[in-house]
Structure formats: C-alpha cells, structure tokens
Amino acid sequence: MKNDPDMLEEYDFTGGVRGKYAKRYAEGTNVVVIDPDVVEYFPDHDAVNNALRSLTAIIKEQRKAERIRLDFESAANQSLNRLLDKPDQR
C-alpha cells in the first residue's frame, strides 16, 4: 500500500478483513451515482427506491394500456376484414 498515492500513512487496516463484504457485494449490489442536481430530491437509498417503484408502477400501467389498445385495434381490424370479405347481400 505504500506505493499507492491515494493511501495516506494514517490509514490503518491492521484489524481489517480482506473481502469481508465481497460475497454480499457480488450477490446483488448495484451502485448508482446520482448527479448533484437531483441529489437534493433523493437524499438516501429509500428515497431513490420509492421513486423508482412509483415510476415502475406508471410504466406497468402504460404497457397495460398499450396492450389493450393493440388488442382492440387487432380485433377491430379482424372485424373489418371479415366485413370486407363478405359479398354484398343487398
């Protein structure tokens, strides 16, 4: 560590355990850096997670609405095609 310019002499890792949290980190830690202009709105991980959960709820609703719209369009097109395929019965 003496060759690392970022490590100051007063750092003491005598009682440290190398890799103590490595397994937990590898199992699912996802670190995201928040830009300074939004950090005031998201002061901690709970605020970030709550905001993202709200956003995912909105995304799910939009996807559901889009599926309904596409299903409706498909049904309407099928009905129109059936009508156009029938001969005129006047």
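The values are calculated or read from the model by the stated rules, or taken from the named source; none is laboratory data. Quick caveat: nothing in here was measured; it's all calculated off a predicted structure. We place every Cβ from the backbone using ideal geometry, glycine too, and count neighbours over all the protein chains shown.
Listed conditions (1) modelled with pLDDT of 90 or more; (2) of a type outside the set (Ser, Thr, Tyr); (3) surrounded by 10 or more Cβ atoms within 10 Å (Cβ to Cβ) are all met by Ile34, apart from (1). Between residues in region 48-74 that are free of Cβ contacts under 8 Å to residues at least 12 places away in the same chain and closer than 24 Å to Val38 by Cβ and residues that are outside any helix (DSSP H, G or I) and of a type outside the set (Val, Ile, Thr), which pairs lie under 7 Å by C-beta distance while being six or more apart or on different chains? So the pair list comes out as Ala51/Phe42. Scanning region 54-77 for residues that are farther than 30 Å from Phe42 by Cβ and not hydroxyl-bearing (Ser, Thr, Tyr) returns Arg67, Ile68, Arg69, Leu70, Asp71, Phe72, Glu73, Ala75, Ala76, Asn77. In region 3-21, which residues are surrounded by 10 or more Cβ atoms within 10 Å (Cβ to Cβ) and either in contact with a helix residue (DSSP H, G or I) (Cβ under 7 Å, 6 or more places away or on another chain) or not aromatic (Phe, Trp, Tyr) (or both)? Once the filter is applied, which keeps residues that are surrounded by 10 or more Cβ atoms within 10 Å (Cβ to Cβ) and either in contact with a helix residue (DSSP H, G or I) (Cβ under 7 Å, 6 or more places away or on another chain) or not aromatic (Phe, Trp, Tyr) (or both), region 3-21 yields only Met7.
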